[in-house]
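The values are calculated or read from the model by the stated rules, or taken from the named source; none is laboratory data. The model shown is predicted, which means the values in this text are computed figures rather than measured ones. Cβ sites come from the backbone with ideal geometry, for glycine too, and all protein chains shown count toward neighbours.
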């Protein structure tokens, strides 16, 4: 069905992948709303400049007037809300932007969408959807066994995850209280092309390629469930078209890996592709550094609901996905080198001491 979808954060890592998929594989019209913060891909608006099914709008989701204007002029059939501040370390250094965007911005979107939805009639009202995209970090940390499911109690441990938990609660409240047809998805760690190089996988690829020290937090045994961004984008499309309002869906790849094992795999691949001139093995570049304050030990997602009810499953095995991601960053240094030169030089963030350490 032809539809107009409003994608917030559409110039970001996940949002950009979703925009590319929709324009390549559907006949939908995309309204791409992005504030263009440091982590946005500045090349993405130009990438689709000639596409008649893509309109880019630079605006802040917390700007009520701008958001109202977009709804009034573009008349979207659905909202995919991805816009967010997402980096845990940055939320430790400065929580306020996370509250402004993730909480206040989500409120503005939900309230504007509600008033817009109330103005619709017939099929337009019945078919409207608001998909709020969130993270597994809202659930807190797991022990050595068990997984997060849709009924796991929230227990966020960082300013970032707390701000996302708050926005999740707002989304559910706007459905339960006001009837807005909202769905919520919570995903595991994404990886793939175009990811801003402050995140683990691109940062380790770039540093290892350059022969620099590879900082690993704590003992490196923090475990994450790794999901390729293209699989996540496909999941979001399935939830949008087949999901039930009022429901939440966990999206993961059943692919648990310790951070240290990820870094070691990147080292091995780069040693095979681009050996260092001095013959040094990149494993020797690994350096264990002070752990992140409040660092969650393990995340693991139970995706049975989206698999059984909506028929989605991840398609890309992790080993192949990681190899393709390494290849992409090696082949696209022209994309990430300007980022390192102008916006983020690979420095350590989030070294604020936890409260227990400050009081001791």
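Those residues that are in contact with a helix residue (DSSP H, G or I) (Cβ under 8 Å, 6 or more places away or on another chain), closer than 18 Å to residue 301 by Cβ and outside any helix (DSSP H, G or I), I need them from the range 224-246; list them, please.
224, 225, 226, 228, 243
Would you call residue 113 in a helix (DSSP H, G or I), surrounded by 17 or more Cβ atoms within 10 Å (Cβ to Cβ) and within 19 Å of the chain's Cα centre (by Cα)?
The answer is no for residue 113.
Looking only at the range 1-28, which residues are buried (at least 21 other Cβ atoms within 10 Å of the Cβ) and over 15 Å from the mean Cα position of the chain (by Cα)?
Within the range 1-28, 5, 6, 22 qualify.
Counting only residues that are touching a residue at least 60 places away in the same chain (Cβ under 8 Å) and either touching a helix residue (DSSP H, G or I) at 6+ places or on another chain (Cβ under 8 Å) or not in a strand (DSSP E or B) (or both), how many does the range 279-297 have?
Within the range 279-297, residues that are touching a residue at least 60 places away in the same chain (Cβ under 8 Å) and either touching a helix residue (DSSP H, G or I) at 6+ places or on another chain (Cβ under 8 Å) or not in a strand (DSSP E or B) (or both) number 12.
Residue by residue through the range 10-26, note down the ones that are over 15 Å from residue 232 (Cα atoms) and part of a loop (DSSP other than H, G, I, E, B).
Hits for the range 10-26 are 11, 26.
Looking at the range 130-219, what strands (runs of 3 or more DSSP E) fall wholly within it and have at least 1 residues that are surrounded by fewer than 21 Cβ atoms within 10 Å (Cβ to Cβ)?
The qualifying strands (runs of 3 or more DSSP E) are 214-217.
Within the range 73-96, track down each residue that is part of a helix (DSSP H, G or I) and without any contact (Cβ under 8 Å) to a residue 40 or more places away in the chain.
73, 96, listed by residue number.
Being closer than 20 Å to residue 134 by Cα, out of contact with any helix residue (DSSP H, G or I) (no Cβ under 7 Å at 6 or more places or on another chain) and without any contact (Cβ under 8 Å) to a residue 40 or more places away in the chain: is that true of residue 307 here?
Answer is yes for this residue.
May I ask you to say which residue of 224, 172 is in contact with a strand residue (DSSP E or B) (Cβ under 9 Å, 6 or more places away or on another chain) and under 25 Å from residue 93 (Cα atoms)?
Just a single option satisfies the conditions, and that option is 224.
Please specify each residue of the range 27-43 satisfying the condition of being touching a residue at least 40 places away in the same chain (Cβ under 8 Å) and not in a strand (DSSP E or B).
Those that are touching a residue at least 40 places away in the same chain (Cβ under 8 Å) and not in a strand (DSSP E or B): 35, 37, 38, 39, 41, 43.
Determine which member of the set 88, 67 is out of contact with any strand residue (DSSP E or B) (no Cβ under 6 Å at 6 or more places or on another chain), buried (at least 20 other Cβ atoms within 10 Å of the Cβ) and under 15 Å from residue 31 (Cα atoms).
After ruling out the rest, the residue left standing is 67.
Answer yes if at least one residue in the range 286-293 is surrounded by 15 or more Cβ atoms within 10 Å (Cβ to Cβ) and either modelled with pLDDT under 95 or under 30 Å from residue 44 (Cβ atoms) (or both), and no otherwise.
Checked the range 286-293: at least one residue is surrounded by 15 or more Cβ atoms within 10 Å (Cβ to Cβ) and either modelled with pLDDT under 95 or under 30 Å from residue 44 (Cβ atoms) (or both).
Would you mind stating whether residue 257 is at negative phi, in a loop (DSSP other than H, G, I, E, B), surrounded by fewer than 21 Cβ atoms within 10 Å (Cβ to Cβ) and in contact with a strand residue (DSSP E or B) (Cβ under 7 Å, 6 or more places away or on another chain)?
no
Checking residue 61 against (1) part of a loop (DSSP other than H, G, I, E, B); (2) surrounded by fewer than 24 Cβ atoms within 10 Å (Cβ to Cβ); (3) touching a residue at least 40 places away in the same chain (Cβ under 8 Å), only one condition comes out false. Which one?
With respect to (1) part of a loop (DSSP other than H, G, I, E, B); (2) surrounded by fewer than 24 Cβ atoms within 10 Å (Cβ to Cβ); (3) touching a residue at least 40 places away in the same chain (Cβ under 8 Å), residue 61 is out only on (2).
Would you point out the residue of the range 320-348, among those that are exposed (fewer than 12 other Cβ atoms within 10 Å of the Cβ) and farther than 21 Å from residue 38 by Cα, that is nearest to the chain's Cα centre (by Cα)?
By that ranking, first place goes to 320.
Answer with yes or no whether residue 78 is out of contact with any strand residue (DSSP E or B) (no Cβ under 8 Å at 6 or more places or on another chain) and either surrounded by fewer than 20 Cβ atoms within 10 Å (Cβ to Cβ) or modelled with pLDDT of 95 or more (or both).
no
Here are 105, 46, 50: which of them is at pLDDT below 95 and assigned to a helix (DSSP H, G or I)?
It is 46.
Looking at the range 93-104 only, could you name the residues that are buried (at least 21 other Cβ atoms within 10 Å of the Cβ) and over 25 Å from residue 238 (Cα atoms)?
The answer is 98, 101.
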